[in-house]
Amino acid sequence: MKLFDVYPLFNIEIVRGKGCHVWDTDGNEYLDLYGGHAVISVGHSHPAYVKAITEQVGKLGFYSNSVINSLQQQLADRLGKACGYDDYSLFLINSGAEANENALKLASFHNGKKRVLAFKHAFHGRTSAAVRVTDNPKIIAPVNEGLPVTYLPLNDAAAVEAELKKGDVSSVIIEGIQGIGGIQMPTDAFMQQLRALCTEYGACLILDEIQSGYGRSGQFFAHQHAGIRPDLITVAKGIANGFPMGGLLISPMFKPVYGMLGTTFGGNHLACAAAIAVLDIMQQEHLVENAARVGSFLLDELHKLPGIKEVRGRGLMIGVEFEDSIKEVRSRLLFEEKVFTGVAGTNTIRLLPPLCLSMEEAEVFLKKFRHVLGV
Ligand SMILES: Cc1ncc(COP(=O)(O)O)c(C=O)c1O
């Protein structure tokens, strides 16, 4: 059997990782400024993380959601404290798309409305409703087209209000910082207007923090820079440092009903053990603060480089946009300098390193980047 060929691959196989470094089958060492697509939060193969998963699988890997799993409540308690939402409740799933899918459903169950407002260049995942609110017609199949969605320009509060006034909007979904769209930033003022408008017109505000959350922006959630509280918050990626998991944080205004949401694998024992270890490590090693400190150093230094169109971002979620294609720059970083980076569109390099990136590692990256740029 062949693999269904949907990924354009680099001819590299990564077989080992430690902290912010990974190694390929030939023993080459790479500096990881990509974090396996913003997934590695506490670093590759952190000993406390490895120990937690190993011990848990030795006891019990999985049992169903029809019996008590106290690890879920332990995770909810830790997460509530770590992010400042201990009055919210937690629903656990296996991926970011599922988190958004359930958020959109819950909003619609709650207010009985259908239409969703989303933003230009947004990416919210590939399940039916999540992909429908993603602004990319190429990945929306005819079977996904049932949900009515209006895409609006980011940071245009008047456009949002004009749509909300029509009275049929169930929810507004927005990324804390747009990732795949190229590290596009909603302004703090826009976030505050969005919060006020959703309350005024009875729509639910869904914050997709799948890429921008879990400390990446230098706050636990990117929307916390604006001081707002959404109705629903979705998380995944860094939550379990690579173990597949997603979460939906739900404000007290939503009332649960048995059976309204559900999943086989969501919140399983292994995923919870991984996610609890991640929160412990984040707290002990002050990784949110580290992301803020190292991220702001990187942003300052990147701003000084000549020949770059724009540098955007917060914390360790950084976009470096060039006038032209970055294909060659990225490929030279990878094959000559042995540095993994991400991409958005054709002209933007995306930096999404593990949150434990040190100042020294940031300096090494800058040196290699300058070398490739010839500056
Ligand atoms: C902002 C955002 N939302 C949702 C998703 C979908 O997450 P997953 O691939 O885990 O379904 C992603 C993945 O890149 C994302 O960046």
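The values are calculated or read from the model by the stated rules, or taken from the named source; none is laboratory data. A quick note: this is a predicted structure, and the numbers were derived from the prediction, not measured. Neighbour counts run over all protein chains shown; Cβ positions are idealised from the backbone, glycine included.
One table, with the values for the structure above:
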quantity	calculated
Unique residue being under 27 Å from Gly167 (Cβ atoms) and either buried (at least 18 other Cβ atoms within 10 Å of the Cβ) or in contact with a Ser or Thr (Cβ under 7 Å, 6 or more places away or on another chain) (or both) when the list is Leu92, Leu117	Leu117
Residue that is of a type outside the set (D, E, K, R), surrounded by fewer than 12 Cβ atoms within 10 Å (Cβ to Cβ) and either away from the ligand (no atom under 13 Å from the Cβ) or at pLDDT 95 or above (or both), where the choices are Val143, Val133	Val143
Identity of the residue in the stretch 5-49, in contact (Cβ under 8 Å) with a residue 12 or more places away in the chain, within 16 Å of the ligand (Cβ to nearest atom) and β-branched (Val, Ile, Thr), that ends up surrounded by the fewest Cβ atoms within 10 Å (Cβ to Cβ)	Val39
Residue list for the stretch 268-316, restricted to those being part of a loop (DSSP other than H, G, I, E, B) and more than 30 Å from Ser70 (Cβ to Cβ)	Lys304, Leu305, Pro306, Gly307, Ile308, Lys309, Gly315, Leu316
Residue within the stretch 159-172 that is within 16 Å of the ligand (Cβ to nearest atom) and not in a helix (DSSP H, G or I) present	yes
Answer residue from the stretch 208-223, given it is among the hydroxyl-bearing types (Ser, Thr, Tyr) and more than 8 Å from the ligand (Cβ to nearest atom) and is farthest from the chain's Cα centre (by Cα) among those	Ser217
Residues located in the stretch 219-242, provided they are within 17 Å of Ala292 (Cα to Cα), surrounded by 24 or more Cβ atoms within 10 Å (Cβ to Cβ) and touching a residue at least 60 places away in the same chain (Cβ under 8 Å)	Phe221, Ala222, Gly238
Pair list, Cβ < 7 Å and 6+ apart or interchain, from the stretch 96-123 residues that are more than 27 Å from Asn241 (Cα to Cα) to residues that are within 16 Å of the ligand (Cβ to nearest atom) and among the small types (Gly, Ala, Ser)	Ala107/Ser171; Val116/Ser171
Test: Asp188 is within 16 Å of the ligand (Cβ to nearest atom), under 23 Å from the mean Cα position of the chain (by Cα) and either on the phi > 0 side of the Ramachandran plot or surrounded by fewer than 24 Cβ atoms within 10 Å (Cβ to Cβ) (or both)	no
